[in-house]
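**Student:** Take this structure first; my questions come after.
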Amino acid sequence: MDSSKLENDLISEIKLTPIQAKTYLLITWYGKMSSSQIAEKLKISSESAQKTATDLMSLGAFIDISETEFEAMHPRFTAVNMYRKMCERENIEFKRNKVVDSIGVILEQPYDDARTK
């Protein structure tokens, strides 16, 4: 699986920052994590991990389990939700985006696998 292509798609189509894209993929791929776990895995500060995860919640990607624990919502919904919100922010007409749809499809299996171990 080429995560760099997914990362680039998240950055170019949904306008996530590189660290938001990495964080989104990390939690979608491996399941819920605390901000300190995110920080450790991505080699960033806990503060940066906390802020990024909180930002991703407001973008419609994550739900908070607790103040410091975050979980991704199902990727088929989140990719489109994040894209819809980006369209609203950028005043772009929201219409079907095949790249965004494919992000959800590609991430569905690893998302389900991480939650049925």
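**Student:** Keeping all protein chains in place, calculate the accessible area per residue for the chain (probe 1.4 angstrom), answer in Å². If you can, show how the numbers build up before the last one.
**Tutor:** Values: 6480 Å² over 117 residues.
Value returned for the chain: 55 Å² of accessible area per residue.
**Student:** Would you please give the FRET efficiency between T17 and T116, computed as 1/(1 + (r/R0)^6) with r the Cβ-Cβ distance and R0 = 30 Å, to the nearest 0.05?
**Tutor:** E between T17 and T116, to the nearest 0.05, is 0.50.
**Student:** Moving on to the next point. Just the number, please: carbon plus sulfur as a percent of the accessible area of the stretch 45-86, 1.4 Å probe, no ligands or DNA/RNA counted.
**Tutor:** Values: 1120 of 2010 Å².
Of all accessible area on the stretch 45-86, carbon and sulfur atoms account for 56 percent.
**Student:** Here is a follow-up. Leaving ligands and nucleic acids out of the surface, order T17, T116 by accessible area at 1.4 Å, largest first. Each step should come with its number before you reach the end.
**Tutor:** On the way: T17 60, T116 110 Å².
Output order, biggest surface exposure first: T116, T17.
**Student:** Might you work out the accessible area of S58 for me, using a 1.4 Å probe with all protein chains in place, and round it to the nearest 10 Å²?
**Tutor:** Spelled out: S58, probe radius 1.4 Å, area about 80 Å².
**Student:** OK, next. Would you mind checking the pairs K5/K43; K15/K41; K41/K95 and listing those with alpha carbons more than 29 angstrom apart? Please report the intermediate quantities before stating the final value.
**Tutor:** Working: K5/K43 21 Å; K15/K41 22 Å; K41/K95 35 Å.
Too far apart for the 29 Å limit: K41/K95.
**Student:** With a 1.4 Å probe and all protein chains kept in place, how do D2, D55, D9 rank by accessible area, largest first? Can you show the working numbers first?
**Tutor:** Working: D2 80, D55 45, D9 20 Å².
The residues order as D2, D55, D9, largest area first.
**Student:** Determine the distance separating the Cα centre of the stretch 1-74 from the Cα centre of the stretch 75-117; give it in Å without decimals.
**Tutor:** Cα centroid to Cα centroid, the span is 14 Å.
The values are calculated or read from the model by the stated rules, or taken from the named source; none is laboratory data. Every value quoted in this text rests on a predicted model; they were computed, and no experiment measured them. Ideal geometry is used to build each Cβ from the backbone, glycine not excepted, and the neighbour counts take in all protein chains shown. The protein model used for the area step is the full one, side chains on, heavy atoms only, and it has no ligands, DNA or RNA in it. Shrake-Rupley method; radii C 1.70, N 1.55, O 1.52, S 1.80 Å.
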